[in-house]
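To start, the structure itself, in structure tokens.
The values are calculated or read from the model by the stated rules, or taken from the named source; none is laboratory data. Source: prediction; values computed, not measured. Every residue, glycine among them, receives a Cβ derived from its backbone with ideal geometry; neighbour counts consider all protein chains shown.
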Amino acid sequence: MERRKVTFKLYPTAREGERLSGWIRLHCELYNAALEERIDAYRKHGKSINYYDQQNVLPEIKAARPEFVELGAHALQQTLRKLDLAFQAFFRRVKAGQTPGFPRFKSNKRFSGFCYPDNCGWKVMHPGGRGAMIRLGSGKDAMSIRARGQHRFGKGAKPNDLTIMRKNGEWFASVTLRVSDEACSRARTAEQHRGIDFGLNDWVTFEDGKTIPNPRFIRENLPRMVDLQRQQARKKKGSCRYKRLGRQIANLHEHIGNVRRDFIHKETSRLVASCTVIATEALVVSNMTRSARGTREKPGRMVQQKAGLNREIFSSGFSMAHQMLAYKAVEAGTRLHLSDTRQLKPSQRCSSCWEIVPKKLAQRTHECPHCGLKMQRDQNSAVVVLIDAHTPGTGVAARPKPLTRQRAKSRPMTRETPATAAQGA
Ligand SMILES: [Zn+2]
């Protein structure tokens with residue numbers, strides 16, 4: 001049994017929307033009250049309250065405030081659990097010597113939604129061929145909300161939990177389904193072995209020099225985003241015009257996000273279906289979030305350009321692509337090889353003679369002084385990771401996370417030059 005998440009867009013009527021908003025308000029109130037209770041108990045009595053203490057007073061709350069009853073007992077518990085998680089995360093980080101922020105009170109506007117942690121109090125229905133209905137509550141107070149969305153797992157999929165979210169004035173229902181392994185599997189269309197390199201200019205460069213460009217929509221809308229943000233910066237904070245621009249920016253962000261997610265879903269599905277081996281660099285988070293400003297001793301250059309929107313918008317797509325590749329590769333039976341970037345250095349290594357050829361980020365071609373190979377930079381990295389995937393034993397192959405014990409130990413950097421035959425495969 002696997003778990004898969006499916007998101008439906010909800011189209012509540014005005015009255016249903018009002019009611020949902022009211023429910024979110026109550027969940028938010030509960031969250032804030034529970035947070036206050038914890039703070040008070042600690043300040044006044046030096047006592048800490050845990051999740052179960054708070055869960056046990058829920059029946060009293062429901063007796064005093066009957067409007068909480070229709071939200072469902074488990075959904076209320078889940079909101080308390082959400083607070084408990086916030087506290088756990090806070091204490092974990094304190095213990096680790098970090099300086100986390102204390103769990104905050106949330107305004108109703110920022111409270112994103114609520115969750116039914118199990119399969120009761122709601123139902124997904126597929127009355128016609130397409131579309132769906134999400135039914136919340138039971139009896140005559142139940143609310144059936146029109147929804148749009150579908151999944152490929154067939155009738156055998158069992159709904160497990162439901163999250164109702166409000167985002168940017170729109171409503172979504174995210175359902176976790178329990179799906180059999182067979183229902184997950186993907187059909188194979190080809191048996192290729194491919195090395196891929198993710199980049200900013202082209203989304204993906206393959207080892208044969210072919211590319212998948214970034215979707216045009218994103219490129220075209222970046223200037224508009226910059227323009228809107230600039231306009232907003234000139235308005236008085238909190239004014240009508242400021243808010244209006246804020247809404248426009250949020251809409252554009254959402255739209256770009258939607259287009260990008262759709263694009264990444266389609267391309268990763270196609271990749272795993274057509275490949276038996278996919279090689280790429282493991283995603284190093286510190287690389288992605290490294291500040292362009294550099295350190296005090298070694299300030300970065302071109303800070304504005306690097307830290308720009310470009311980077312923010314594209315880089316968040318890489319981790320999404322990696323996540324999708326990871327689970328889709330399993331579904332399609334594709335081997336996903338993740339090279340260790342720091343040990344392999346795909347962008348610095350010559351794909352023909354395996355020497356390290358240092359180059360700056362701006363240098364877009366790989367020119368090897370040792371063997372004379374001249375190749376487009378990203379293509380060279382794609383070839384290098386593909387060779388790495390085909391070379392068992394020499395390195396870091398196929399292990400996304402080294403064991404902790406091994407991580408501390410520095411490995412000698414001797415690598416065999418791979419047989420040239422491996423390249424042709
Ligand atoms: Zn070379």
For R411, are the conditions met, namely being away from the ligand (no atom under 16 Å from the Cβ) and either at pLDDT below 65 or in a loop (DSSP other than H, G, I, E, B) (or both)?
yes
Which ones in segment 363-383 are crowded, with 21+ Cβ neighbours inside 10 Å and either assigned to a strand (DSSP E or B) or not assigned by TED's automatic domain parsing to the domain that holds A279 (or both)?
H366
Against the definition (more than 26 Å from the chain's Cα centre (by Cα), closer than 25 Å to R25 by Cβ and surrounded by fewer than 19 Cβ atoms within 10 Å (Cβ to Cβ)), how does S174 come out, yes or no?
no
Any residue in segment 344-362 that is not assigned by TED's automatic domain parsing to the domain that holds S381 sitting within a Cβ distance under 8 Å of a residue that is away from the ligand (no atom under 14 Å from the Cβ) and assigned to a loop (DSSP other than H, G, I, E, B)? List the pairs, counting only those 6 or more apart or interchain.
none
Considering only residues of segment 60-72 that are without any contact (Cβ under 8 Å) to a residue 24 or more places away in the chain and surrounded by 13 or more Cβ atoms within 10 Å (Cβ to Cβ), which is farthest from R38 (Cα to Cα)?
V69
Among (1) at pLDDT 90 or above; (2) part of a loop (DSSP other than H, G, I, E, B), H151 falls short only on (1)
S239 fails exactly one of the following numbered conditions: (1) modelled with pLDDT of 90 or more; (2) farther than 30 Å from S352 by Cα; (3) surrounded by 12 or more Cβ atoms within 10 Å (Cβ to Cβ). What is the number of that condition?
(3)
How about segment 321-362: which of its residues are away from the ligand (no atom under 15 Å from the Cβ) and of a type in the set (S, T, N, Q)?
Q323, T334, S339, T341, Q343
Qualifying residue in segment 213-226 (condition: part of a strand (DSSP E or B) and not acidic (D, E))
yes
Answer yes if at least one residue in segment 85-96 is assigned by TED's automatic domain parsing to the domain that holds P12, surrounded by 15 or more Cβ atoms within 10 Å (Cβ to Cβ) and under 20 Å from R19 (Cα atoms), and no otherwise.
no
Pairs under 6 Å by beta carbon, first residue closer than 19 Å to K9 by Cβ in segment 258-273, partner aromatic (F, W, Y) and modelled with pLDDT under 95, six or more apart or different chains?
V259/F217
